[in-house]
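Novice: Got a structure here, written out as structure tokens. Questions coming.
What follows draws every value from the coordinates through simple rules; no lab data is involved. Since the model is a prediction, treat every value here as computed from it, not as a measurement. When we count neighbours, we look across all protein chains shown, and the Cβ atoms used for this are built from the backbone with ideal geometry, even at glycine.
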Amino acid sequence: MVEKIFPNLRISGYLITSPATAEYNCIAWAAGDTERCWWPDNNNVGYWPFGVERKETLDAFVKTYETLGFTICQNSNYEFGFEKIAVYVDAGGKPTHAARQLNSGHWTSKLGQLVDIEHNTLGGLENSQYGVVAVFMKRPK
């Protein structure tokens, strides 16, 4: 199922690390939260940090992660002592996904309501649904 949605993972490699769950989503997973879904929906259903505009814009997502101590950085290269995340956007510039870097330099993602995976590259998740990585952020561990 995962490879059907993300065919690039066949080439780049991945490992399923946990079973499917709807308890949290990728935005929460990148933030280290496995208790709730994060999304700036208009009905206030998803969690969203106080003071950050509830809009599906890259700026709002960047500000959300800034509330957790992340700052924009230049690339996905592993840096000892830092935790990195990558935010994906679709062709229209709307945020779609976030991934978090592991100590190994690989990445971890929650795939919607599906499984969590460890993936070797960020490109493994690039497709018409998730789009491409638009911004990298980091914070001290």
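Novice: With θ taken as phi - 60° and the coefficients 6.51, -1.76 and 1.60, list the Karplus ³J(HN,Hα) couplings across segment 115-127 in order, rounded to whole Hz; mark glycine and proline as x.
Specialist: Taking θ as phi minus 60°, the curve returns 7, 8, 9, 9, 10, 6, 9, 6, x, x, 9, 6, 7 Hz for segment 115-127.
Novice: Label-point separation (nm) for L15 and S128, each offset 7 Å from Cα along Cα-to-Cβ?
Specialist: 3.3 nm
Novice: Shifting gears a bit: Treating only the Cβ of Lys, Arg, Asp and Glu as charged (+1, +1, -1, -1), what charge dipole size does the chain show about its Cα centre? Round to the nearest 20 debye.
Specialist: On the way: 13 positive and 15 negative charges, 29 e Å.
Using only the charged Cβ atoms, the result is roughly 140 debye.
Novice: With label points built 7 Å along Cα→Cβ from the Cα atoms of N43 and L114, find their separation and express it in nm.
Specialist: Output for this residue pair reads 2.5 nm.
Novice: Here is a further query. For labels at T57 and I72 in the simple 7 Å Cα→Cβ model, what's the distance in nm?
Specialist: 1.3 nm
Novice: Next question, about the same structure. Scan around A134 for amide H atoms under 5 Å from its own, H built in the peptide plane at 1.01 Å from N, and keep only partners 5 or more places away or cross-chain.
Specialist: V87, Y88, V89
Novice: Next up: Reachable lysines from K94, Cα under 19 Å, same-chain residues fewer than 8 places away excluded?
Specialist: Reachable lysines: K55, K63, K110.
Novice: Taking a ≥ b ≥ c as the square roots of the Cα gyration tensor eigenvalues, with a/c under 1.5 meaning rounded and otherwise prolate when a/b beats b/c, else oblate, which class fits segment 62-136?
Specialist: Details: a/c = 1.61, a/b = 1.18, b/c = 1.37.
Verdict is oblate for segment 62-136.
Novice: Based on the alpha-carbon gyration tensor of segment 21-66 and its eigenvalue square roots a ≥ b ≥ c, which shape applies: rounded if a/c is under 1.5, prolate if not and a/b is larger than b/c, or oblate?
Specialist: It is oblate, given that a/c is not under 1.5 and a/b is not larger than b/c.
Novice: Continuing with this model, one more query. Calculate the dipole size of segment 31-73 relative to its Cα centre from +1 charges on Lys and Arg beta carbons and -1 charges on Asp and Glu beta carbons; express the result in debye to the nearest 20.
Specialist: That gives a dipole near 40 debye.
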